[in-house]
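The values are calculated or read from the model by the stated rules, or taken from the named source; none is laboratory data. If you're wondering where the values come from, they're calculated on a predicted model, not measured in any experiment. Glycine also receives a Cβ, built like all others from the backbone with ideal geometry; neighbour counts cover every protein chain displayed.
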Amino acid sequence: MGFLDGRAVVITGAGRGLGRAFARHAAGNGAAVVVNDVDAEPACETAAAIVADGGTAVASVGSVADAGYARSLISLCGKRFGSLDGLVNNAAVGYHAPPWEDDDPERTRVLVETNVLGPLHCGTAAAKVMCAQGRGVIVNVTSGAMIGQRCAAAYSASKGAVASMTYSWAGDLAEHGVRVNAVSPIAWTRLMAADPKGNPDAPPPERVAPLVTYLLSDLSAGVTGQVLRLADGHLHAVRQPAIIRPVLHRETWTVEEIAAAVGSELVLESPPRERWTL
């Protein structure tokens, strides 16, 4: 008996890396999986591997940045498997460049469309189905880069957007029986391999997969609006953005008063250490 018996899920970017690991683990726990990837060969390979292991899967090839394709991807799950119980928004691209060299608008556009609009398109399409049926789970994939990774401003911004998307959807969908969470993993993938500071000793994607299966399952029934991080064997929750106290009040503020408050009364947190942004 698997944790996801009888469930049907869509996993984007599942041809390689984390997505492939998520898809195979979910299938191994009983889920029927729609395996999406922008490249046909790896998508079909992942689906075939699931079937060879005795599971159920179908490949779907296309870019989640295309809103029309994203809607058809979500529809495919219901048409093939009779329901849509889960969506894992994993598809993403990245690149590294210092700010003064990050001047390729096409490269930035592709990143934003894939990493931000992709989850948005798939998530809104899934939300319609899940709200109508009164149940479902969305798992987004963010990154430690959401708090700021050097030489990766566009990628960091995109993953911050995914985290914000998670918090927003969780609030909107809770009353409809739909849960929304995110994972923030560290694993050795193509994205990390392309990072000049990537750690080849990072764990394989398979180490992260149980966290996604957990969030898709009924074991996490009381969990929504959270970002859970699994990095080098360390599991923890990520603090949501919040106002730092104290909150000072004046009817009007002068420049000098602001300077005095920032220098003495306000508590300013230090920038996060780089090791948390990988």
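Values for this structure:
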item	result
Asp66, sole failed condition from (1) charged (D, E, K, R); (2) in contact with a Gly (Cβ under 8 Å, 6 or more places away or on another chain); (3) within 26 Å of Glu113 (Cβ to Cβ)	(2)
Which listed residue is in a loop (DSSP other than H, G, I, E, B) and not charged (D, E, K, R), from Asn115, Asn199	Asn199
Some residue of the stretch 186-202 being in contact with a strand residue (DSSP E or B) (Cβ under 6 Å, 6 or more places away or on another chain) and among the hydrophobic types (A, V, I, L, M, F, W, C)	yes
Within the stretch 121-142, tally of residues that are over 17 Å from the mean Cα position of the chain (by Cα) and either in a helix (DSSP H, G or I) or modelled with pLDDT under 95 (or both)	6
Criterion (in contact with a Cys (Cβ under 9 Å, 6 or more places away or on another chain) and at pLDDT 95 or above) met by exactly one of Arg24, Arg71, Arg20	Arg71
The one condition in (1) closer than 19 Å to Ala67 by Cβ; (2) buried (at least 19 other Cβ atoms within 10 Å of the Cβ) that Val112 fails to fulfil	(2)
Matching residues, the stretch 229-254, being in contact with a helix residue (DSSP H, G or I) (Cβ under 6 Å, 6 or more places away or on another chain) and assigned to a strand (DSSP E or B)	Leu230
Residue match in the stretch 4-22 (condition: among the acidic types (Asp, Glu) and within 23 Å of Thr142 (Cβ to Cβ))	no
All positions within the stretch 87-107 that are part of a helix (DSSP H, G or I), over 18 Å from Val38 (Cα atoms) and not acidic (Asp, Glu)	Pro99, Trp100, Pro105
Unique residue being under 12 Å from the mean Cα position of the chain (by Cα) and modelled with pLDDT of 95 or more when the list is Val223, Val227, Val178	Val227
Pairs where the first residue, in the stretch 164-179, is over 8 Å from Thr224 (Cβ atoms) and the second is assigned to a helix (DSSP H, G or I), C-beta under 6 Å, 6+ apart	His176/Cys131; Val178/Met130
Filtered residue count, the stretch 143-185, keeping only those that are assigned to a loop (DSSP other than H, G, I, E, B) and surrounded by fewer than 22 Cβ atoms within 10 Å (Cβ to Cβ)	4
Every pair of residues 6+ apart whose Cβ atoms lie under 9 Å, when the first sits in the stretch 243-262 and is surrounded by 10 or more Cβ atoms within 10 Å (Cβ to Cβ) while the second is part of a helix (DSSP H, G or I)	Leu248/Ala261; Trp253/Ala261
